[in-house]
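Read through the structure below, which is laid out as structure tokens, and then see the notes.
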Amino acid sequence: MEIKKIAVLGAGQMGNGIAHVCAQAGYEVIMRDIEQRFVDKGMETIKKNLERGLKKDRITQDEVDATLARITGELDLKAAVKDVDLVIEAIPEIVKLKLDTWREVDNFAPEHAILASNTSSISITQMAAVTKRPEKFIGMHFFNPVPVMGLVEIIKGQATDDETVKVIEEVSHKVGKKTVLVNEAPGFAVNRLLVPAINEAVFAIQEGVATVEDMDLAIKLGLNWPMGPLTLADFVGLDTLLYISDYFVEEFKDSKYRAPALLRKMVRAGWVGRKAGKGFYDYSGDEPKPMRF
Ligand SMILES: NC(=O)c1ccc[n+]([C@@H]2O[C@H](COP(=O)([O-])OP(=O)(O)OC[C@H]3O[C@@H](n4cnc5c(N)ncnc54)[C@H](O)[C@@H]3O)[C@@H](O)[C@H]2O)c1
């Protein structure tokens, strides 16, 4: 099966990045969001990122123009998916919203189309089960920022067939990413490791083991991470980390995944990281300033 046309649902952080790399790889892309201003914002971000590539000589003006010409914005779900070969969903991480959307997509998309979710944590099998094609349903987990990060984590649900896996591996390689194939489990491979690691750093801060900046420096230089765990936590969003930790405890029935009290307290205070201007660092000045706990 050859993929030519792709619908991307959601034009947010992940959706516009996915639309960008797919169009740049030569696929025809329809990017769907629920309001024109979100579609416009997604298109603006793609343009900005392509122009950055142009300035750094990573891409030519012709490639920029051709990439943009391959992306069409859309508001109507039926129009977005009616003649595509693949649907990649990047809408908010809310179970009911995803299940309702997949039911609709399943009714409108051609029978041969593959359905892929970019979810960070929600069960692929649960989403597949609301469609009439669970064997064509798969997890396609990109990383943020999509044009920069080199991995797609492919997640096989209970019913996903081998042909679907093969096609999604091919598409991921064509958009310039390496792939790992994992069986469905909470957090898949990357977040299963990352979330407990960040939580452990927060436990250490809570216990007074080190300051925020020393913990970040220790892990950055000692483990050669590109950024420390608390800086990364602020990027991901502390609300998201708490959501995933609670989901892990519920799914694994194992308290080793529990979130530190400090994380919960910060979320309750609204200090959820960069997007709120405050998390483990305060972003109100020119330079992020570490918080004291
Ligand atoms: N942000 C990350 O680092 C990251 C990394 C990997 C995976 N993810 C996953 O990607 C998904 C999207 O996350 P994001 O960070 O891009 O969120 P976001 O809030 O930036 O974007 C979501 C977009 O979806 C739109 N939307 C809402 N309902 C919709 C619908 N029914 N149809 C089409 N669009 C709709 C919203 O208007 C918004 O523009 C989530 O499942 C998230 O868990 C996020």
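The values are calculated or read from the model by the stated rules, or taken from the named source; none is laboratory data. Since we're looking at a predicted model, the values are computed, not measured. In this analysis, Cβ positions are derived from the backbone assuming ideal geometry, glycine residues included, and neighbour counts consider all displayed protein chains.
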Handout entry: Single match in Met266, Met291 (criterion: free of Cβ contacts under 8 Å to residues at least 60 places away in the same chain, of a type in the set (A, V, I, L, M) and under 18 Å from Glu207 (Cβ atoms))
Key = Met266
Handout entry: Residue match in segment 151-164 (condition: under 14 Å from Ile88 (Cα atoms), assigned by TED's automatic domain parsing to the domain that holds Arg58 and out of contact with any Ser or Thr (no Cβ under 9 Å at 6 or more places or on another chain))
Key = yes
Practice task
Any residue in segment 237-262 that's within 17 Å of Gly279 (Cα to Cα): show its pairings with residues that are of a type in the set (Asp, Glu) and in a helix (DSSP H, G or I) at Cβ separation under 8 Å, as long as the two are six or more apart or on different chains.
Solution key: Ala259/Asp246
Practice task
Scan segment 103-118 and give yes if some residue there is modelled with pLDDT under 95, under 18 Å from the mean Cα position of the chain (by Cα) and within 14 Å of the ligand (Cβ to nearest atom), otherwise no.
Solution key: no
Exercise for the section: List the strands (runs of 3 or more DSSP E) that sit entirely inside segment 47-148 and contain at least 3 residues that are more than 26 Å from Val236 (Cα to Cα). Expected result: 71-74
Exercise for the section: Could you check, for segment 171-181, whether at least one of its residues is more than 15 Å from the ligand (Cβ to nearest atom), out of contact with any Ser or Thr (no Cβ under 9 Å at 6 or more places or on another chain) and part of a helix (DSSP H, G or I)? Expected result: yes
Handout entry: Ala259 vs. criteria assigned to a helix (DSSP H, G or I), of a type in the set (Gly, Ala, Ser) and not assigned by TED's automatic domain parsing to the domain that holds Ile138
Key = no
Exercise for the section: Among the residues of segment 1-32, write down those that are crowded, with 24+ Cβ neighbours inside 10 Å and assigned to a loop (DSSP other than H, G, I, E, B). Expected result: Ala11
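Conditions tested, residue by residue: (1) surrounded by fewer than 20 Cβ atoms within 10 Å (Cβ to Cβ); (2) away from the ligand (no atom under 16 Å from the Cβ); (3) free of Cβ contacts under 8 Å to residues at least 40 places away in the same chain.
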| position | (1), (2), (3) |
| --- | --- |
| Ile59 | yes, yes, yes |
| Leu77 | yes, no, no |
| Val87 | no, no, no |
| Glu93 | yes, no, no |
| Leu99 | yes, no, yes |
